[in-house]
Every structure is written in C-alpha cells, then in structure tokens.
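The values are calculated or read from the model by the stated rules, or taken from the named source; none is laboratory data. These numbers come from a predicted model, not from an experiment. Here the Cβ positions follow ideal geometry from the backbone for every residue, glycine too, while neighbour counts run over all protein chains shown. For the accessible areas, the whole protein counts, side chains as well, though only heavy atoms, and no ligand, DNA or RNA atoms are used. Shrake-Rupley method; radii C 1.70, N 1.55, O 1.52, S 1.80 Å.
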Amino acid sequence: MMGSSREIAIGPVAVVSMLLASLVPKVEDPVTNPNAYRNLVFTVTFFTGIFQTAFGVFRLGFLVDFLSHAALVGFMAGAAIIIGLQQLKGLLGLSHFTSKTDVVSVLASVYKSLHNQIAPGQKWNPLNFVLGCSFLIFILITRFIGRRNRKLFWLPAISPLLSVILSTLIVYLSRADKHGVNIIKHVKGGLNPSSLHQLQLHGPHVGQAAKIGLICSVIALTEAIAVGRSFASIKGYHLDGNKEMLSMGIMNIAGSLTSCYVATGSFSRTAVNFSAGCQTAVSNIVMAVTVFLSLELFTRLLYYTPVAILASIVLSALPGLIDLSEACYIWKVDKLDFLACIGAFLGVLFATVEIGLLVAVIISFAKILIQSIRPGIEVLGRVPRTEAFCDVTQYPMAISTPGIIVIRISSGSLCFANANFVRERILKWVSQDEDDLKETTKGRVQAVILDMTNLMNVDTSGILALEELHKRLLSRGVELAMVNPRWLVIHKLKLAHFVDKIGKEWVFLTVGEAVDACLATKIARA
C-alpha cells in the first residue's frame with residue numbers, strides 16, 4: 001500500500017528463498033537445532049527490512065544499480081540451476097541430502113543416492129520420481145497452452161494448485177505413503193504468531209545475520225524494482241524506486257515480527273495479477289486474505305500432499321529464470337557485460353551465492369574503472385557545407401583543418417584516473433600531425449582546440465595535466481584553446497588560474513568560433 005507499483009504481487013520468491021536456504025544453515029543447522037535456525041531466519045528478515053528501509057529513507061537506490069542487468073541474468077540462471085538441483089531431494093524421495101549449494105556437491109550427493117552408497121532407509125524411491133515428473137509435465141503443458149491462447153491465461157495460474165489437490169487425492173486414495181512416497185504430514189495451521197521474542201539481536205550470530213540480511217535486501221530489492229518497472233513501463237507510469245524500498249523494508253520488518261521470512265515482488269505472481277486485469281494494490285489484500293483463510297481452514301488437507309509435487313512446482317518455475325536469448329544478446333552487444341554475466345553464473349554454480357554476487361560486482365566495478373581510465377577522445381573535423389564538427393573516424397567526410405587539431409573529450413570527468421592518459425594521447429596526436437604536415441610541406445601544427453562540451457567535472461590532477469599539456473604545447477609553439485567548458489569546470493579552472501595562463505581570449509563558445517580565431521591568428525603570423 002505504501003509503494004508506487006499498481007501491479008506488483010508480494011510474497012516469497014525462489015531466489016530469495018534459495019539465498020536463505022543456502023546462507024542460514026552455515027550459521028545454524030536446521031536439523032539439529034530447528035528452533036535456533038527459525039529464530040535466525042526471523043532475525044535475517046528483520047535486518048533485511050532495516051537495510052531496505054534505510055535505502056529508501058536515505059535515497060540510496062543507486063546501490064541496487066551496481067548489480068547490472070547482465071550480472072542479474074547470470075545470477076538468476078545460476079540460481080535457477082542450483083534451486084533445481086536442490087529439488088532433486090524431494091523429487092527422488094531422499095531423506096538426507098547435502099547442505100552445500102555448489103553443483104559439484106549436489107551432483108555427488110545425487111550420485112551416491114542413485115548408486116546406493118548411503119545408509120539403508122535413505123535410498124531414493126522411484127514412485128516419488130514418477131509422481132513428481134508426471135505433474136511437472138502437466139504444469140509445463142498448461143503453461144504452454146496458456147501462452148498459445150491468451151484467453152486461458154488462468155490455466156497455468158491454477159495448475160500448481162490443481163497439481164497439489166490431485167496428487168494429494170491420489171496419495172490418499174492409493175495409500176501411496178505406505179509404499180515409499182514421502183508426504184508433508186502435519187502442517188501447523190492458524191495465523192502467524194508473534195515472533196518478536198525470537199529475534200536474536202544480542203547473540204553471537206548478530207553480525208552474520210546482518211550480513212545475510214544485507215545480501216537478501218539487495219537481491220530482493222533488485223528483483224522487486226525490476227519487476228515493478230517492467231509492468232509500470234507497459235502501463236505507462238513512473239515507478240518511484242525509493243518508495244518501493246521503503247515499503248518493502250517496513251513490510252519485512254513487520255514480517256519478521258509475525259513469523260514470516262523475506263518477501264519481495266514476484267515476477268510470476270505479478271504477471272498473473274497483470275493478466276487478470278488488476279488496477280491497484282488491493283489485489284495484494286485479496287491475496288493476503290486468501291492466505292489467511294487457507295491457514296485457518298485448509299492446512300489439515302495437506303497431510304497427504306507428496307513432497308515430490310512441491311519439488312515439481314518449484315522446478316516448473318525455473319525455466320523462466322534462465323534466459324539464454326538474453327545472454328546471447330549481451331554477448332553480441334557488450335563483451336564486458338557478458339563477462340559479468342558468466343562470472344555471476346559460474347560463481348553461483350561452482351562456489352556460493354555470495355561468491356557469485358561478489359564476482360559480478362567486481363567485474364562491474366572493473367568495467368567502470370576501465371572506462372574511466374581510458375575515456376573517449378575524438379579528433380573532430382568540419383562536415384562540408386555545415387558548421388558541424390564530428391568525429392573523423394565515424395564521419396570520413398569530415399575535413400580536418402590543416403595546422404589545427406580539434407579534440408573532443410567525451411569522458412564525464414577529467415580526473416586522476418584518466419588525466420595522464422588524455423594528456424599523452426593529445427601530445428601523441430600533435431606529434432603525428434606535425435610529422436604528416438612536414439611530409440606534405442604544409443607547415444606545422446599551430447593550435448589545439450579542446451571541445452569540453454561533454455566534460456562535466458575536473459579535479460586537481462586533471463588541472464595539473466592541462467597545465468602540463470599547455471607547457472608542452474607552448475614549447476612547440478602551439479596554442480591551446482578551450483570550447484564550451486561547463487560552469488563547474490570553468491569555475492575550477494579560474495580558481496586554479498589556468499584560464500589566466502592560456503588567456504581568456506582562447507576560451508570560445510563553439511568549435512567553429514575557435515577554428516576561425518585560430519585561422520585568423522595563423523594568417524596574422526604569416
């Protein structure tokens with residue numbers, strides 16, 4: 001109700017559930033100490049809400065953007081495979097399974113189970129596999145039908161519920177639980193009790209809970225905002241990311257106090273919401289009331305529900321998380337983006353979720369660093385019969401003025417990271433042009449014009465580089481001119497007395513004016 005999205009549907013999602021299931025057991029074992037494990041989950045949810053609320057209050061939405069689209073594509077694909085492998089426990093009817101999430105450990109555990117290399121009574125049961133696969137195929141078929149016929153959009157939406165009902169009836173009527181089919185058995189009903197007294201805010205695991213909460217908060221916000229923006233763009237309205245963060249944070253804080261774990265925006269449920277024609281967030285209220293009624297009235301009916309059917313429902317949701325076409329598109333467009341994508345994918349798949357996210361963020365930062373260290377620098381020429389000056393590499397028809405080099409700095413900032421690179425590149429071009437002019441007996445370079453239209457800022461290192469460039473050019477008898485520097489740039493250059501050094505008459509509004517002034521000076525000297 002506090003957010004700005006009209007369509008987003010809130011609830012547990014596969015990726016965040018997998019995050020909790022992979023990170024929390026490293027701190028507390030759910031088998032040997034289930035109460036401590038549950039309390040830690042509530043504590044993680046509380047910290048997730050705190051971080052999300054802080055992001056919204058302090059308008060730190062830009063932090064979510066450090067997980068680039070490419071990194072998320074790789075992360076989601078790796079997470080989907082890990083989630084799918086984890087579901088083999090329920091699909092095969094195994095009572096014991098590895099707690100690790102990397103693909104090698106999971107496949108090794110499955111191999112041992114299939115080859116009877118575990119203790120008696122813990123072997124896999126084919127009936128679980130047959131039942132789970134049958135309903136997995138049923139769910140996938142209904143999804144295919146729903147995509148082919150838009151009028152039947154409701155069919156894939158209710159197919160998981162139909163699968164639970166039908167599989168429960170089959171097990172109950174055939175007494176399949178007596179023949180090795182694993183069932184859920186007792187499910188505690190009723191509304192969620194208060195969990196305020198279960199939060200571990202003073203124990204030895206507070207730091208670890210906060211770390212897991214931070215990871216979950218970023219992933220949950222990234223997914224929710226991505227989902228919300230996708231459907232907001234379809235409806236043609238603006239989504240306020242900071243409002244979404246604040247609402248998600250307060251929601252998860254409230255959830256941590258009422259026996260809930262981390263929830264966020266679900267793409268599949270939001271798609272159903274959108275297809276059903278929802279217009280406001282009231283759809284979430286209807287969904288919540290339905291959940292309340294189910295907790296009060298229907299939990300007893302889940303006693304004979306097979307565990308394999310739950311695994312098949314989760315598995316049916318995973319193909320949507322693996323977007324091969326998007327990965328191919330990223331490869332075609334930007335190889336560094338693809339490196340972040342594949343780094344996140346392999347990190348999640350062969351290490352841990354944290355490693356995958358860390359690899360993705362490191363590669364994204366490295367990309368930003370490379371782009372800032374080697375900014376775009378272009379030599380400009382005049383397009384014939386116009387006053388426009390364009391990059392001579394992109395527009396071969398653009399003509400360079402003999403003896404005058406026009407250079408555009410496309411970087412947003414001239415700073416310590418790229419100042420020396422820019423200076424040396426300009427001096428190299430001056431040397432090359434002088435050599436070319438000597439060969440063609442057209443004289444020498446007499447002026448360098450810096451187009452600063454795209455330069456948003458300059459630091460002390462950038463100013464020192466410009467001063468050094470000016471000195472080196474003067475030693476060659478070459479004038480330095482500046483074109484259209486931004487207010488912040490010219491203000492700093494005035495404070496550093498650089499404008500006085502080159503002369504105010506060498507600062508121009510347009511490249512054309514600068515070229516004409518340099519030509520007039522050249523003629524006067526001649």
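Here are a few things to note about the model shown:
- Residue list for region 163-182, restricted to those being in contact with a helix residue (DSSP H, G or I) (Cβ under 9 Å, 6 or more places away or on another chain) and over 14 Å from Phe135 (Cβ atoms): Asp177, His179, Gly180, Asn182
- Put simply, of Arg143, Arg148, Arg175 the only residue that is within 35 Å of the chain's Cα centre (by Cα) and loosely packed, with under 13 Cβ neighbours inside 10 Å is Arg148.
- Qualifying residue in region 54-75 (condition: at positive phi and within 25 Å of the chain's Cα centre (by Cα)): yes
- Residues in region 27-42 that are closer than 9 Å to Ile212 by Cβ and assigned to a helix (DSSP H, G or I): Leu40 alone.
- Candidate set: region 472-501, residues that are among the β-branched types (Val, Ile, Thr) and in contact with a helix residue (DSSP H, G or I) (Cβ under 6 Å, 6 or more places away or on another chain); chosen: the one farthest from Ala447 (Cα to Cα): Val499
- Restricting region 374-399 to residues that are in contact with a helix residue (DSSP H, G or I) (Cβ under 7 Å, 6 or more places away or on another chain) and open to solvent by 90 Å² or more (accessible area, probe 1.4 Å) leaves a set whose member that is farthest from Val422 (Cα to Cα) is Glu387.
- The numbered conditions (1) closer than 18 Å to Met18 by Cα; (2) of a type outside the set (Lys, Arg); (3) outside any helix (DSSP H, G or I) are all true for Ser95 except (1).
- Considering residues of region 371-395 that are charged (D, E, K, R) and in contact (Cβ under 8 Å) with a residue 40 or more places away in the chain only, the residue nearest to Leu509 (Cα to Cα): Glu387
- Filter result for Val291 (in contact with a strand residue (DSSP E or B) (Cβ under 9 Å, 6 or more places away or on another chain), open to solvent by less than 60 Å² (accessible area, probe 1.4 Å) and either modelled with pLDDT under 90 or under 28 Å from Thr142 (Cα atoms) (or both)): no
- When region 192-225 is filtered for residues that are open to solvent by 50 Å² or more (accessible area, probe 1.4 Å) and under 30 Å from Glu7 (Cβ atoms), the ones remaining, listed by number, are Asn192, Leu214.
- Test: residue in region 457-474 that is assigned to a strand (DSSP E or B), without any contact (Cβ under 8 Å) to a residue 40 or more places away in the chain, among the hydrophobic types (A, V, I, L, M, F, W, C) and open to solvent by less than 10 Å² (accessible area, probe 1.4 Å): no
- Every listed requirement among (1) of a type in the set (Val, Ile, Thr); (2) farther than 30 Å from Val286 by Cα; (3) in contact (Cβ under 8 Å) with a residue 40 or more places away in the chain; (4) open to solvent by 10 Å² or more (accessible area, probe 1.4 Å) is met by Thr53 save one, (2).
Residue by residue, here is whether (1) touching a residue at least 12 places away in the same chain (Cβ under 8 Å); (2) aromatic (Phe, Trp, Tyr); (3) surrounded by fewer than 17 Cβ atoms within 10 Å (Cβ to Cβ) holds:
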{"position": "Ile234", "(1), (2), (3)": "yes, no, yes"}
{"position": "His238", "(1), (2), (3)": "yes, no, yes"}
{"position": "Gly241", "(1), (2), (3)": "yes, no, no"}
{"position": "Glu244", "(1), (2), (3)": "yes, no, no"}
{"position": "Ser247", "(1), (2), (3)": "yes, no, no"}
{"position": "Ile253", "(1), (2), (3)": "yes, no, no"}
{"position": "Ala263", "(1), (2), (3)": "yes, no, no"}
{"position": "Phe267", "(1), (2), (3)": "yes, yes, no"}
{"position": "Gln279", "(1), (2), (3)": "yes, no, yes"}
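- Among the residues of region 20-69, just one is under 24 Å from Thr222 (Cα atoms) and among the acidic types (Asp, Glu), namely Asp65.
- First in region 355-370 and at pLDDT 85 or above, second anywhere and part of a helix (DSSP H, G or I) and basic (Lys, Arg), Cβ under 8 Å, 6 or more apart: none
- Candidates are the residues of region 151-170 that are open to solvent by 70 Å² or more (accessible area, probe 1.4 Å) and over 20 Å from Pro319 (Cα atoms); the one that is modelled with the lowest pLDDT is Lys151.
- Qualifying positions in region 316-345 - open to solvent by 40 Å² or more (accessible area, probe 1.4 Å), touching a helix residue (DSSP H, G or I) at 6+ places or on another chain (Cβ under 7 Å), in a helix (DSSP H, G or I) and of a type in the set (A, V, I, L, M, F, W, C): Ala317, Trp331, Leu336, Phe338, Leu339, Ile342, Phe345
- Residue check, Thr305 more than 27 Å from the chain's Cα centre (by Cα), at pLDDT 90 or above, open to solvent by less than 80 Å² (accessible area, probe 1.4 Å) and among the polar types (S, T, N, Q): yes
- In region 398-412, the count of residues that are of a type in the set (A, V, I, L, M) and within 25 Å of Leu369 (Cα to Cα) is one or more.
- Which listed residue is open to solvent by 20 Å² or more (accessible area, probe 1.4 Å), among the small types (Gly, Ala, Ser), in a helix (DSSP H, G or I) and within 21 Å of Phe350 (Cβ to Cβ), from Ala71, Ala21: Ala21
- Flag for Leu161 being in a helix (DSSP H, G or I), under 24 Å from Val291 (Cα atoms) and either within 32 Å of the chain's Cα centre (by Cα) or outside the structural domain of Asn284 (by the TED database) (or both): yes
- Looking across region 94-112, the residues that are more than 25 Å from Gly180 (Cα to Cα) and open to solvent by less than 60 Å² (accessible area, probe 1.4 Å) come down to Thr101, Asp102, Val103, Ser105.
- Criterion violated by Val483 - all others in (1) touching a residue at least 60 places away in the same chain (Cβ under 8 Å); (2) surrounded by 17 or more Cβ atoms within 10 Å (Cβ to Cβ); (3) of a type in the set (Val, Ile, Thr) satisfied: (1)
- Only one of the listed residues (Val15, Val73, Val41) is under 23 Å from Gly249 (Cα atoms) and touching an Asp or Glu at 6+ places or on another chain (Cβ under 7 Å). That residue is Val15.
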